[in-house]
Amino acid sequence: MNPYYREYSDFLAERFEGKVQKISIDLALGCPNRDGTLGHGGCIYCNNAAFSPDAAKNALGVAGQLARGKAFFARKYPTMRYLAYFQSYTGTYGLHSKLIEAYREALADSETLGIIIGTRPDCLPDTLLDRLVRLSKESGKEIMIEFGVESMHDSTLELINRHHSAATAADAIRRAAAAGFAVGVHLILGLPGETEEMMTATVDAINALPVSTIKFHQLQVLRGTRLAQMYAEGLSLTLFTPDDYAALCVRLLKRLRPEIALDRFVAQAPADLLIAPRWGLKNYQFREILLKKLAES
Ligand code: SF4
């Protein structure tokens, strides 16, 4: 609990009793922005290697991945409960019957209290939403949806090759929330060409939508991406220092609807993939900088 913004832990505590930990489940799903359905190159900041299916992990299946995750945490916290997080690639991109089977398998686990599904805004049709509503009722457990929104400016979405519009994101958020799901959004701060006014306008647009949680990520230039190539060719980017980024987060937090819980402020790419900015900070270290700035503001 802190006096400056709503913590994600508060959001979870309202829904679940005791300590809850996310366990990432990889279904080795593809992405329509990579397999040619929408495009081949993917989003300009997305790294192939970072998003390669983890064959070893996938071979374990849903129950096996959950068991492995639980074994890791249960050693320290025997009473820990879990949320299965379908985060890799596009978590709703696949044959609907297969997807429902995988989600159902996670929900059947007695220590798993719910699931979180991460996806693109253009990959959650009403037919799948209806099936998720039925699955949530049947299991008696919570299903939460997270959308990669990144920006609410079409000019930016086009530049970063997202292949969806801000209107598509707004529509997906409204439909998922109307179906009864808590909705989370991911935004990237510092996208090419974006001014602070544009980022603030994105936050304003999110404020007007039925969003429960948010993740802010600083733009990172990763090896093997189109962005890395553009950067090497001289593209001018706002690459924040931790201090500048924290100051920006403070200003955006003052703007953000206070009911929206903050899930993350920073992205952490593997060091061998990261070209810039190289902060070398752990999450908790950034949080300390941010809280200090909030206290001073
Ligand atoms: S960021 Fe997501 S939507 Fe974009 S190419 Fe990568 S996996 Fe696909």
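The values are calculated or read from the model by the stated rules, or taken from the named source; none is laboratory data. As the structure is a computational prediction, the values presented were derived from the model and not from experiment. Here the Cβ is made from the backbone with ideal geometry for all residues, glycine too, and neighbour counts use every protein chain on show.
Can you tell which of Glu105, Glu101, Glu111 is farther than 19 Å from Ile145 by Cα, at pLDDT 95 or above and of a type in the set (D, E, K, R)? That would be Glu111, the only listed residue that is farther than 19 Å from Ile145 by Cα, at pLDDT 95 or above and of a type in the set (D, E, K, R). When Leu209, Leu187, Leu135 are screened for being within 30 Å of Glu111 (Cα to Cα), touching a Lys or Arg at 6+ places or on another chain (Cβ under 9 Å), surrounded by fewer than 22 Cβ atoms within 10 Å (Cβ to Cβ) and without any contact (Cβ under 8 Å) to a residue 40 or more places away in the chain, only Leu135 passes.
Would you mind telling me which numbered condition in (1) under 15 Å from Gly30 (Cα atoms); (2) in a loop (DSSP other than H, G, I, E, B) Ile117 fails? Only one criterion is unmet by Ile117, namely (2).
Condition check ((1) over 14 Å from Ile44 (Cα atoms); (2) at pLDDT 95 or above; (3) in a helix (DSSP H, G or I)) across all residues:
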site: Phe147; (1), (2), (3): yes, yes, no
site: Asn161; (1), (2), (3): no, yes, no
site: Ala170; (1), (2), (3): yes, yes, yes
site: Arg175; (1), (2), (3): yes, yes, yes
site: Val183; (1), (2), (3): yes, yes, no
site: Ile188; (1), (2), (3): no, yes, no
site: Leu191; (1), (2), (3): no, yes, no
site: Glu197; (1), (2), (3): yes, yes, yes
site: Thr200; (1), (2), (3): yes, yes, yes
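All told, Glu101 falls short of being part of a helix (DSSP H, G or I) and either in contact with a strand residue (DSSP E or B) (Cβ under 9 Å, 6 or more places away or on another chain) or crowded, with 16+ Cβ neighbours inside 10 Å (or both). Scan the stretch 267-286 and give yes if some residue there is assigned to a helix (DSSP H, G or I) and under 26 Å from Ala205 (Cβ atoms), otherwise no. Yes: the stretch 267-286 contains one or more residues that are assigned to a helix (DSSP H, G or I) and under 26 Å from Ala205 (Cβ atoms). Sub-8 Å Cβ pairs linking a first residue in the stretch 231-244 that is over 15 Å from Leu189 (Cα atoms) to a second residue that is in a loop (DSSP other than H, G, I, E, B) and of a type outside the set (A, V, I, L, M, F, W, C), at least 6 apart or interchain, are Leu235/Pro192, ordered by first then second residue. Scan the stretch 70-98 for residues that are part of a helix (DSSP H, G or I) and closer than 21 Å to Ala13 by Cα and report the count. Total satisfying the criteria: 3. Got at least one residue in the stretch 217-240 being over 21 Å from Leu157 (Cβ atoms), in a strand (DSSP E or B) and modelled with pLDDT of 95 or more? No, that holds for no residue.
Evaluate the stretch 45-67: report whether one residue or more is part of a helix (DSSP H, G or I), charged (D, E, K, R) and modelled with pLDDT under 95. Walk me through it before giving the result.
Step one: of the stretch 45-67, the residues part of a helix (DSSP H, G or I) are 55-59, 61-67.
Next cut, charged (D, E, K, R) only: 57.
From what's left, modelled with pLDDT under 95: 57.
There is at least one residue in the stretch 45-67 that is part of a helix (DSSP H, G or I), charged (D, E, K, R) and modelled with pLDDT under 95.
Tallying residues that are touching a Lys or Arg at 6+ places or on another chain (Cβ under 9 Å) and surrounded by fewer than 20 Cβ atoms within 10 Å (Cβ to Cβ) within the stretch 218-249 yields 2.
The residues on offer are Gly140, Gly94, and the sole one that is modelled with pLDDT of 95 or more and surrounded by fewer than 23 Cβ atoms within 10 Å (Cβ to Cβ) is Gly140. Among the residues of the stretch 52-68, some residue qualifies, meaning at least one is exposed (fewer than 14 other Cβ atoms within 10 Å of the Cβ) and within 13 Å of the ligand (Cβ to nearest atom).
Counting only residues that are under 18 Å from Ile143 (Cα atoms) and within 16 Å of the ligand (Cβ to nearest atom), the stretch 7-33 holds 4 of them.
Considering the conditions (1) assigned to a helix (DSSP H, G or I); (2) modelled with pLDDT of 90 or more; (3) closer than 22 Å to Ala102 by Cβ, Ile23 is excluded by exactly one of them, (1).
Considering only residues in the stretch 83-113 that are of a type in the set (A, V, I, L, M, F, W, C) and either farther than 13 Å from Gln65 by Cα or free of Cβ contacts under 8 Å to residues at least 40 places away in the same chain (or both), the one that is nearest to the ligand (Cβ to nearest atom) turns out to be Leu99.
Can you find a residue in the stretch 171-194 that is among the charged types (D, E, K, R), within 30 Å of Ser97 (Cα to Cα) and within 16 Å of the ligand (Cβ to nearest atom)?
No.
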